[in-house]
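Please read through the structure below; I'll follow up with questions.
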Amino acid sequence: MGEATGGRRERRKAQTRAEVRATAQRLFAERGFDAVTIADVAAAADVAVQTVFNHFETKEGLFFAGRTPWVEGAANAVSQRPPGADPVAALRRYLEGDLRQLLEQETRPENRNYLEALNRSPSLQSRERTLVEQAAGRVAALLSEAIAAGDWPAAPAPDPATAHVLSRLVADLFLAAGRVLVLENRRLVLDPDPDGARHLSVQAATATTLAELEHCVAGLAARLLDPALGRPG
């Protein structure tokens with residue numbers, strides 16, 4: 001009985017969370033993010049204001065709820081890769097697929113209100129930058145362990161300090177590159193070329209950009225681990 005009751009309670013909580021999120025995101029699309037209050041969301045969803053805060057700490061968190069799987073996904077790509085797999089290659093493959101899907105999704109007409117809300121709100125832009133930083137931090141922590149363990153072929157058995165530096169460089173460079181591509185795609189969606197051709201160029205650039213980054217960080221690792229580094233020529 002206790003387990004059944006607990007299961008029903010969790011299902012009700014999940015249903016309430018989903019309803020609040022859907023209501024809020026509809027209101028944001030209709031009125032704009034800054035014009036909607038948490039009280040507005042609560043009233044439209046027929047719940048108490050505290051109920052909204054029980055599920056979402058901030059209005060920005062409510063806006064992005066369900067829309068940022070990459071925050072956890074990038075780190076999971078490293079931690080859940082097959083045994084012996086290259087952690088940097090695993091990260092690159094995940095980001096390539098995720099970015100391709102995201103760029104295509106944000107180009108759809110039905111998502112224009114979402115992009116316009118982001119474009120008009122400095123607080124949302126700040127929150128999104130924070131999410132990118134959080135994702136990079138999680139990725140870097142996992143990469144540091146993998147690189148220190150010698151799992152990255154480009155950096156066999158580095159010392160912990162070098163592994164830490166390399167992990168931060170790799171994580172930040174990949175996440176920053178992804179953000180540049182996303183922001184450029186959004187700019188073109190909101191202010192497009194007449195023929196829309198440049199949308200395709202941004203999406204086509206994703207695989208090349210990430211592949212080149214993977215090549216470059218491998219070269220950097222080799223240089224940092226070169227015992228002759230820093231010696232006069």
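Coordinate-derived values only; no laboratory data. Keep in mind the model is a prediction, meaning the values are calculated, not measured. Here the Cβ positions follow ideal geometry from the backbone for every residue, glycine too, while neighbour counts run over all protein chains shown.
In angstroms, what radius of gyration and Dmax does the range 76-140 have, counting Cα atoms only?
So, for the range 76-140, Rg and Dmax equal 15.0, 45 Å respectively.
Take Y114, Y94 and order them by how many other Cβ atoms sit within 10 Å, fewest up front. Please list the in-between numbers first.
Working: Y114 19, Y94 22.
In order of increasing Cβ crowding within 10 Å: Y114, Y94.
Right, next: Averaged over every viewing direction, what's the projected area of the C-alpha convex hull for the range 2-64? Give it in nm², one decimal, please.
Values: hull surface 16.8 nm².
That works out to 4.2 nm², a quarter of the Cα hull's surface.
Give a residue-ordered list of calculated ³J(HN,Hα) values for the range 14-28 (Karplus: 6.51 cos²θ - 1.76 cosθ + 1.60, θ = phi - 60°; whole Hz; x for Gly, Pro).
For the range 14-28, the Karplus-derived couplings read 5, 5, 4, 4, 5, 5, 5, 4, 4, 5, 4, 5, 5, 5, 4 Hz, x marking Gly and Pro.
Right, something else. If Lys and Arg each add +1 and Asp and Glu each add -1, what is the summed charge of the other residues whose beta carbon sits under 12 Å from the beta carbon of A35? Write down the numbers at each step before the final one.
On the way: positive: R31, K59, R120; negative: E30, D34, D40.
Summing Lys/Arg as +1 and Asp/Glu as -1 gives 0.
Still on this structure, please answer the following. By counting other Cβ atoms within 10 Å of each Cβ, how are S144, S123 ranked from fewest to most? Present the calculation step by step, with values, prior to reporting the outcome.
On the way: S144 20, S123 13.
Ascending Cβ contact count within 10 Å gives the list S123, S144.
Here's a follow-up. Using the Karplus equation 6.51 cos²θ - 1.76 cosθ + 1.60 (θ = phi - 60°), what ³J(HN,Hα) coupling, rounded to whole Hz, does each residue of the range 150-167 give in order, writing x for Gly and Pro?
These are the phi-based 3J(HN,Hα) values: x, 7, 9, x, 6, 9, x, 6, x, 6, x, 5, 5, 4, 5, 4, 4, 5 Hz.
If you build a Gaussian network model of the chain, linking Cα atoms that sit under 10 Å apart, which residue out of P87, P109, P160 swings the most?
Maximum fluctuation in the GNM of the chain, among the listed residues, is at P109.
Between (1) 18.5; (2) 19.1; (3) 20.1, which matches Kirkwood radius over Cα pairs in Å calculated for the structure shown?
Among (1) 18.5; (2) 19.1; (3) 20.1, the one derived from this structure is (3).
Karplus couplings for the range 68-83 from phi (6.51 cos²θ - 1.76 cosθ + 1.60, θ = phi - 60°), rounded to Hz, Gly and Pro as x?
Going residue by residue, I get 10, x, 5, 4, 8, x, 5, 5, 4, 4, 7, 6, 9, 5, x, x Hz, with x marking Gly and Pro.
Specify which residue in the list A90, V47, A65 is farthest towards the positive end of the charge dipole of the chain, using unit charges on the beta carbon of Lys, Arg (+1) and Asp, Glu (-1), about the Cα centre.
Result: V47.
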